[in-house]
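The values are calculated or read from the model by the stated rules, or taken from the named source; none is laboratory data. If you're wondering where the values come from, they're calculated on a predicted model, not measured in any experiment. All Cβ positions, glycine included, derive from the backbone under ideal geometry; neighbour counts span all protein chains shown. What goes into the accessible areas is simple: the full protein's heavy atoms, side chains included, and nothing from ligands, DNA or RNA. Shrake-Rupley method; radii C 1.70, N 1.55, O 1.52, S 1.80 Å.
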Amino acid sequence: MRAIIMAAILATTAARAASAAEAGDYGPALRRMLTDAAGGRCPEDLMAEPLLSACRAQLPQMQPGLTALGAISDLSFIKAEGDGDTRVETYAVKFAGGKTAIWSIGHRKDGKFGAAYSLGQ
């Protein structure tokens, strides 16, 4: 009986740890990148080159579209791929205007991201 209880406790603890790991780590950075881009800025403290240069080049086209979508109302973690600085996390981003888009962010090194992109819905 004691072994069964101990096994159940270990299984529950492992499930909680896995659930926390599946929550994703990059959501706040993605939210800020999108919010800043909608406001006409590329966050230098979050973006590594060449992502920062790409953001600046695409900002005139990207900003009106992001602004039209409205504020981010929900950001839901979907999956993660890779490890370390090759890790990429994917999120469903729902905007106040009702649209949802799939966004990925990753390749973090020294606190800055090398990739942030959307393939649409």
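Do you know which of the residues in the range 67-90 that are not in a strand (DSSP E or B) and not small (G, A, S) is surrounded by the most Cβ atoms within 10 Å (Cβ to Cβ)?
The residue in question is L69.
In the range 54-100, what residues are over 24 Å from D25 (Cα atoms) and of a type outside the set (A, V, I, L, M)?
R56, Q58, P60, Q61, Q63, P64, G65, T67, G97, G98
Does any residue in the range 40-64 that is over 13 Å from K109 (Cβ atoms) come within less than 8 Å, Cβ to Cβ, of a residue that is of a type in the set (D, E) and buried (at least 16 other Cβ atoms within 10 Å of the Cβ) six or more places away or on a different chain, and which pairs are these?
Matching pairs, first to second residue: C42/D36; P43/D36.
Can you tell me how many residues in the range 46-66 are closer than 14 Å to G114 by Cβ and open to solvent by 30 Å² or more (accessible area, probe 1.4 Å)?
Looking only at that region, the number is 4.
Those residues that are surrounded by fewer than 17 Cβ atoms within 10 Å (Cβ to Cβ) and on the phi > 0 side of the Ramachandran plot, I need them from the range 91-121; list them, please.
G98, D110, G111, G120
So which residues in the range 22-41 are open to solvent by less than 90 Å² (accessible area, probe 1.4 Å) and over 21 Å from A92 (Cα atoms)?
G40
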